[in-house]
Amino acid sequence: MTADNPDFPVQMTLGSIVYDLQTKAEALGPAGKKVATYFIENADRLPELTITDIARAVGVSEPTVGRICQTLGFTGFRDFRIKMARAAGAQLRHIEVDVTRDDQPSDIAFKVIDTALLTLNRLKDQIRGQAVADAVVILGQAQRIEFYGQGNSGLVAHDAQHKFFRLGKPAIAYNDSHVHVMSASLLTPKDSVICISRSGRTRELLRTAEILKERGVPMVSISPDGSPLAQRARVNLHVTFDDDPDVYTPMSSRLAQLTVIDILAVSIAVQRGAVSSPDMARARAELAGKRLPPR
């Protein structure tokens, strides 16, 4: 559904959708009326139902359900379900938000946001509190923290450096495999490394992990459980997302990795009392001086 559709407002509430269904149900014919009635009676459950579930419950075909959604002003059942979930404040755990060639920028905007919401909800299911606590202990004891990643994960490593260097510990990020190897060879057990990988199977990063293990350097990985990288880590923070290969930027895995870095950085800041420290206050004051005053 796009902004040029006069039948539905861009910002919808669950009540407004149900009201529109009620006013249009009579004009949909017998099958359409049955589908619309089912939608109304199960509005709060729709985000969790598939088109097959609804077709079976109503006694119509799946194409009929899709056509009714189009008649109601949506592009199809998926579009209808997503907007119902958004209007109801649902968690979007089981909703596909694929971008298609026919999507307008306004459709893409909502789908990208829904993908982000879906990613964070899935991350809540994947993250393990004990693993986070163990990683925070390792990082808190380290004299120096280094972040290794390659490709998109290398960009996340540099974001991690930006967050951690303000916490009063030497921190640096490398996304070159040659530098990984050289730097890992110079670290000691008093240091620590966070290795970031979407697959956990990058050959160069695995070699670096072996060097860290040989030197007794505690390594935390952000990668899928059971991956070769996770098996070489002292602690693994489980992050598994299958990014769409047709999308230029792997949005889901990147967002999940960045969120895990935020979790670790905030945890270390709280542990060290850095949130309210004089150093942080001075840093904020210096940054404030670089901005124009509000108008």
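Things worth noting here:
- Tally of residues being assigned to a helix (DSSP H, G or I), under 20 Å from V235 (Cβ atoms) and not β-branched (V, I, T) across the stretch 115-134: 9
- Of all residues making up the stretch 123-162, the number that are of a type in the set (D, E, K, R) and more than 27 Å from R203 (Cα to Cα): 2
- Count of residues meeting criterion [surrounded by 14 or more Cβ atoms within 10 Å (Cβ to Cβ) and farther than 22 Å from V266 by Cα] in the stretch 134-178: 4
- Selection status of R81, of a type in the set (D, E, K, R), open to solvent by less than 50 Å² (accessible area, probe 1.4 Å) and at pLDDT below 85: yes
- Test: residue in the stretch 274-290 that is within 20 Å of F164 (Cα to Cα), touching a Leu at 6+ places or on another chain (Cβ under 9 Å), in a helix (DSSP H, G or I) and at pLDDT 75 or above: no
- Residue match in the stretch 126-138 (condition: out of contact with any strand residue (DSSP E or B) (no Cβ under 6 Å at 6 or more places or on another chain) and modelled with pLDDT under 85): no
- Residues of the stretch 189-218 that are among the basic types (K, R) and farther than 14 Å from Q141 by Cα: R198, R201, R203, R207, K213, R215.
- Single unsatisfied condition, R207 versus (1) at pLDDT 95 or above; (2) of a type outside the set (S, T, Y); (3) assigned to a helix (DSSP H, G or I); (4) open to solvent by less than 90 Å² (accessible area, probe 1.4 Å): (4)
- None of V137, V112 is in contact (Cβ under 8 Å) with a residue 24 or more places away in the chain and in a helix (DSSP H, G or I) except V112.
- Exactly one residue out of S252, S223, S227 is buried (at least 21 other Cβ atoms within 10 Å of the Cβ), closer than 28 Å to L118 by Cα, in contact with a Cys (Cβ under 9 Å, 6 or more places away or on another chain) and not hydrophobic (A, V, I, L, M, F, W, C): that is S223.
- Out of D79, D53, one residue alone is acidic (D, E) and under 26 Å from R101 (Cβ atoms). It is D79.
- Output for the stretch 30-43, where each listed residue is closer than 17 Å to E62 by Cβ and either under 33 Å from the mean Cα position of the chain (by Cα) or open to solvent by less than 50 Å² (accessible area, probe 1.4 Å) (or both): A31, G32, V35, A36, Y38, F39, N42
- Subset of the stretch 88-103 [modelled with pLDDT under 70 and surrounded by 16 or more Cβ atoms within 10 Å (Cβ to Cβ)]: A88, A90, Q91, L92, I95, V97
The values are calculated or read from the model by the stated rules, or taken from the named source; none is laboratory data. Keep in mind the model is a prediction, meaning the values are calculated, not measured. Ideal geometry is used to build each Cβ from the backbone, glycine not excepted, and the neighbour counts take in all protein chains shown. SASA here: full protein model, heavy atoms, side chains in, ligands and nucleic acids out. Shrake-Rupley method; radii C 1.70, N 1.55, O 1.52, S 1.80 Å.
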